[in-house]
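The values are calculated or read from the model by the stated rules, or taken from the named source; none is laboratory data. On a predicted model such as this, the values are computed, not experimentally measured, just so you know. With ideal geometry, Cβ positions are generated from the backbone for all residues, glycine too; neighbour counts draw on all protein chains shown.
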Amino acid sequence: MRRMVRGLRLAALGGALLSLLAAACSGGDDGAGTTVTEPVTAESVLNSAAEAMAAVDTVSFHLERTGAPVYLDSSGSFAFQEGDGRVSNTTSAADAVVKVKALGIDANVGAVSIDGELWLSNPLTGAWETAPDSITFDPVTLFDPETGWTPLLRDDLTGAELVDDAPDGQWHVKGQAAGTRLDAITGGLVTDDAPMDLWIDQATGHVVTAEFATVSDEGETSWRMDLSDYGVDVAITRPPRAPGAGIGGS
């Protein structure tokens, strides 16, 4: 009986020690023996996300536009509809397949960007050509550490606040995004300031979804970007290239 009582006392003591350790790890102490947990704020979420996004090596994205048209080129020949692509920060490379509308016809255009050089596939012939200067879309800029997601999250989402409607395991933050940052994370498709909603994974700090809207003379354009496959190995190579000025002329 004495052994049983002693065992129970040791078990209770062990449980109490574990509880104290757990409390010590979960927050600070206010000096009165009460555990203090730091509140989650929009600023703390965005700072954590900025650090996580700065460390991203590879990621896949889906970008979709609805509403007023936005064009891949300065001449207004190729209206962007949606695109799927991959970005590799380690090699400064990206590739994508973009659905466009040209002359009223839906077409797919391939895009490959490597170390500042951009190629597009001709929507009529399928041949790869060097992109002309009139093309503004470059998917490799999405994760540029100087101009892309990291400075947007750290400095250029003003008036940020948490929204209490996020799915389990995510944070929902909204604010006003600077046009210079939207320019980078959309590959040059959006250049104006816009209200933005972000859904951020609580475990990793990675951005899961971004939604924003812009207004032009042609009306309102809504955008949605979904990010996935963080850290998955990708191999982006130069495409077979045909000579010529490329899509849209020189």
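One residue stands out in the stretch 108-135 among those that are of a type in the set (A, V, I, L, M, F, W, C) and in a loop (DSSP other than H, G, I, E, B): the one that is nearest to the chain's Cα centre (by Cα), namely ALA131. Just name the residue that is surrounded by the most Cβ atoms within 10 Å (Cβ to Cβ) out of those in the stretch 195-212 that are free of Cβ contacts under 8 Å to residues at least 24 places away in the same chain and either assigned to a loop (DSSP other than H, G, I, E, B) or not charged (D, E, K, R) (or both). For the stretch 195-212, the residue satisfying everything is THR209.
In summary, THR136 fulfils each of the numbered conditions (1) modelled with pLDDT of 85 or more; (2) more than 24 Å from ALA50 (Cα to Cα) with the single exception of condition (1). Restricting attention to the stretch 145-161, the residues that are over 14 Å from the mean Cα position of the chain (by Cα) and either in contact (Cβ under 8 Å) with a residue 24 or more places away in the chain or crowded, with 16+ Cβ neighbours inside 10 Å (or both) total 3.
The residue pairs whose first member lies in the stretch 41-67 and is closer than 16 Å to GLY187 by Cβ, whose second member is acidic (Asp, Glu), and whose beta carbons are closer than 6 Å, counting only pairs six or more residues apart or on different chains, are SER60/ASP229; HIS62/ASP84; HIS62/ASP226; GLU64/GLU82. For the stretch 178-187, check the following and say yes or no: at least one residue is surrounded by 19 or more Cβ atoms within 10 Å (Cβ to Cβ), hydroxyl-bearing (Ser, Thr, Tyr) and assigned to a loop (DSSP other than H, G, I, E, B). Yes.
Restricting attention to the stretch 43-93 and to residues that are β-branched (Val, Ile, Thr) and part of a strand (DSSP E or B), the residue that is nearest to THR141 (Cα to Cα) turns out to be VAL87.
Taking the stretch 148-177 as the range and being among the hydrophobic types (A, V, I, L, M, F, W, C) and outside any strand (DSSP E or B) as the test, the residues that pass are TRP149, LEU152, LEU153, VAL163, ALA166.
Kindly indicate the residue of the stretch 222-250 that is closer than 25 Å to GLY67 by Cα and modelled with pLDDT of 95 or more and also surrounded by the fewest Cβ atoms within 10 Å (Cβ to Cβ) among those meeting that condition.
Residues of the stretch 222-250 closer than 25 Å to GLY67 by Cα: 222-228, 247-248.
Filter again for modelled with pLDDT of 95 or more, leaving 222-228.
Values: SER222: 14, TRP223: 23, ARG224: 16, MET225: 19, ASP226: 16, LEU227: 24, SER228: 12.
Across the stretch 222-250, the extreme among qualifying residues is SER228.
Specify the residue that is nearest to the chain's Cα centre (by Cα); the eligible residues are those in the stretch 213-238 that are within 20 Å of SER88 (Cα to Cα) and part of a strand (DSSP E or B). By that ranking, first place goes to LEU227.
Scanning the stretch 7-27 turns up no residue that is surrounded by fewer than 16 Cβ atoms within 10 Å (Cβ to Cβ), modelled with pLDDT of 90 or more and either outside any strand (DSSP E or B) or among the charged types (D, E, K, R) (or both).
Which of the residues spanning the stretch 45-83 are of a type in the set (Phe, Trp, Tyr) and either within 13 Å of the chain's Cα centre (by Cα) or at pLDDT 95 or above (or both)?
Going through the stretch 45-83, the residues of a type in the set (Phe, Trp, Tyr) turn out to be 61, 71, 78, 80.
Listed by number, the list holds a single entry, PHE61.
Could you say whether any residue in the stretch 36-44 is modelled with pLDDT under 85, exposed (fewer than 14 other Cβ atoms within 10 Å of the Cβ) and among the hydroxyl-bearing types (Ser, Thr, Tyr)? For the stretch 36-44, residues modelled with pLDDT under 85, exposed (fewer than 14 other Cβ atoms within 10 Å of the Cβ) and among the hydroxyl-bearing types (Ser, Thr, Tyr): present.
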